[in-house]
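Contents: one structure, followed by commentary.
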Amino acid sequence: MTTSDAAKSSEAVISIREVSMSYGARQVLDRVDLDVYRGEILVLLGGSGSGKTTLLKQILGLAQPETGSIALNGVDITRCSQSELGAVRRRIGVAFQGGALFNSLSVADNVALPLRELTQLADSTIKLTVWMKLMAVGLSDAGSLYPPELSGGMRKRAAVARAMALDPEILIFDEPSAGLDPIVSAGLDELILFLKRSFGMTILVVTHELKSAFHIADRVAMLYRGRVIAVDTKERFAGNAHPRIRQFLDRQPDAAPGVAAEEFIASFLRGSKDDY
Amino acid sequence: MTFLEQVGQAAVVRVEDAGAFTIQFWSVLRKLPRMLPIVGTGTRWRSVVQQMLAIGASALPMSGTMALCTGFILALQSASELRRFGALEFVVDLVAIGFTRELGPLITALSVSGRSASAISAEIGTMVVTEEIDALRVMGLDPVEFILAPKYLAALITIPCLTILSTLCGIFAGYLFLALSMDMSLRIYFQAVAEAILLRDVAFLLVKSLVFATIIVQVGCLEGLRVRGGPEAVGHSTTAAVVKSTFLVIFADLLATAIFYLMGWSSVK
């Protein structure tokens with residue numbers, strides 16, 4: 001029994017069904033189906049313009065799909081009320097691409113913010129929780145710093161600590177390795193694996209970074225032109241023969257627009273010579 | 001695109017602007033009670049005070065100086081005409097009424113619009129670009145309550161105060177001029193000022209300053225929240241915020257003054 005079969009037997013925490021979205025004539029998402037199972041790390045791969053940002057916004061309830069449904073923990077967030085959406089969101093933590101920390105608050109206050117606003121916990125409990133979260137991401141001595149004073153890697157770790165503040169079941173990472181050097185990026189990968197191991201979290205990672213994707217993933221999904229063209233365990237995904245996946249994995253460029261332009265100019269010059 | 005289509009499209013954009021403004025204004029207004037110190041949640045009041053310092057207190061030197069200069073200019077310009085009729089003392093009425101009804105609120109609004117509409121839209125626009133607004137929403141915190149409402153309440157409190165202080169500065173400039181040119185004493189000057197100004201002039205000043213505060217903050221927030229894309233969009237939104245809020249302030253001033261005039265409130269005694 002492979003890991004994917006094992007995963008399929010458990011329940012889907014995020015379940016995306018037939019989600020479509022278009023801006024004007026451009027179809028950004030085309031009947032996307034995707035499941036994320038409890039306790040797994042699913043990496044959603046996709047190039048620029050593949051629709052992965054749009055899909056992420058819809059999973060977070062920041063945008064509505066035109067058709068289809070997205071269920072988080074069994075609640076369809078495309079049709080539920082604002083208060084239900086609020087309840088569902090408390091079970092999700094999101095680490096945004098740039099961290100999205102509030103610059104006017106210290107790192108510790110950033111982590112404490114959701115606890116102060118959304119729970120009735122006593123101040124001492126909040127302080128302890130914040131310290132534990134910072135400890136878990138390896139920032140226990142950076143609590144009093146302000147976001148602009150942090151390095152890129154620390155900022156992402158702080159964002160993870162804030163995302164974990166309310167002990168979510170689902171963690172979502174948007175481009176965790178973007179803008180980081182390989183060493184820091186590898187450290188973040190280890191953090192993601194650590195979170196899965198020790199807290200049993202369900203983790204969805206949206207990225208285009210291949211190395212990191214194959215290191216951390218249980219399963220890999222590939223989004224191309226608004227369609228999920230493959231979802232598989234990373235071993236089987238690496239052997240997938242779909243031309244676009246091969247191109248992505250082997251880092252081959254599209255037909256370069258420069259070549260077409262050169263040909264056009266050449267033919268234009270030839271044509272104009274004929275006129276004389 | 002035909003001319004008619006262009007006109008239609010421009011009109012649709014304006015109507016959309018007005019709609020977005022109204023919706024945002026209403027949703028911010030509904031959150032205002034929660035900002036208040038004793039009846040509200042309490043934690044928000046601290047950010048309101050911060051905003052009061054940023055929008056109001058630090059604008060005082062600038063708008064005060066602007067009012068002082070304008071008051072002196074007004075006195076100088078009117079004196080050269082009034083002196084020909086031997087009616088130099090009417091400079092008092094002109095400066096007092098002119099500042100209370102018109103120049104005080106307007107100059108304050110223009111200086112705050114230049115300082116704060118741009119600052120607000122840049123701050124919020126940057127938060128949109130860095131996904132901080134999205135992060136708030138995902139955490140279940142309402143950006144309207146968290147970011148917009150403290151700014152609006154701070155402006156509603158500080159801009160009328162600022163307006164009163166700049167008006168006093170402007171009127172004081174009138175005294176400076178008269179003291180220099182005809183040795184008028186401070187007591188006589190301010191007695192004449194108190195006689196010239198009616199209570200409804202002061203009420204008019206306060207209403208105007210509240211309207212201007214609304215325009216400046218709401219336009220700043222609206223333009224900031226509209227930012228899409230990268231950091232360069234923040235620059236565009238800042239420019240748009242200043243241009244639109246300045247224009248709307250002057251336009252609202254025209255409407256208010258026209259109403260004041262047509263109701264017959266402007267006839268003196």
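Just so it is clear, none of the values below were taken in a lab; they were calculated from the coordinates. Computed from a predicted model, the values in this text were never measured in an experiment. Ideal geometry is used to build each Cβ from the backbone, glycine not excepted, and the neighbour counts take in all protein chains shown.
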Charge dipole of the range B:129-269 built from unit charges on the beta carbon (Lys, Arg +1; Asp, Glu -1), centred at mean Cα; most positive-end Cα among B:A241, B:A149, B:T167 is B:T167
Which residue, B:L206, B:L36, B:L255, has the largest displacement toward the positive end of the dipole of the protein assembly as shown when charges sit on each Cβ (Lys, Arg +1; Asp, Glu -1)? B:L36
Cα-based Rg of the range B:144-191 normalised by 2.2 N^0.38 Å, two decimals: 1.85
Inter-site label distance for A:Q247 and B:R84 at 7 Å from Cα along Cβ, in nm: 8.1 nm
Which parts of the range A:36-60 would a label at A:Y23 reach, counting a residue when its backbone N lies under 12 Å from a point 7 Å out along Cα-to-Cβ? A:49-55
Answer in debye to the nearest 20: the dipole magnitude of the protein assembly as shown about its Cα centre, from +1 Lys/Arg and -1 Asp/Glu charges placed on Cβ, is 720 debye
Under 16 Å between alpha carbons: how many lysine pairs meet that in chain A, if sequence neighbours fewer than 8 apart on the same chain are excluded? 4
Please give the net charge around B:A149, taking every other residue with its beta carbon less than 10 angstrom from that of B:A149, where Lys and Arg add +1 and Asp and Glu add -1. +3
Mind jotting down the distance between the C-alpha centroids of the range B:192-208 and the range A:19-38, whole Å? 61 Å
Charge tally for neighbours of B:R226 with beta carbon under 12 Å away, counting Lys, Arg as +1 and Asp, Glu as -1, is -1
With +1 on the Cβ of every Lys and Arg and -1 on the Cβ of every Asp and Glu, the dipole magnitude of the range B:3-262 about its Cα centre, in debye rounded to the nearest 20, is 420 debye
On a C-alpha basis, how far is the centre of the range A:64-79 from the centre of the range B:223-266 in Å? Whole number, if you could? 39 Å
So, in Å, what gap is there between the alpha-carbon centers of the range B:23-63 and the range A:155-208? 36 Å
Average partner chain C-beta neighbours within 10 Å, per residue of A:91-101? 4
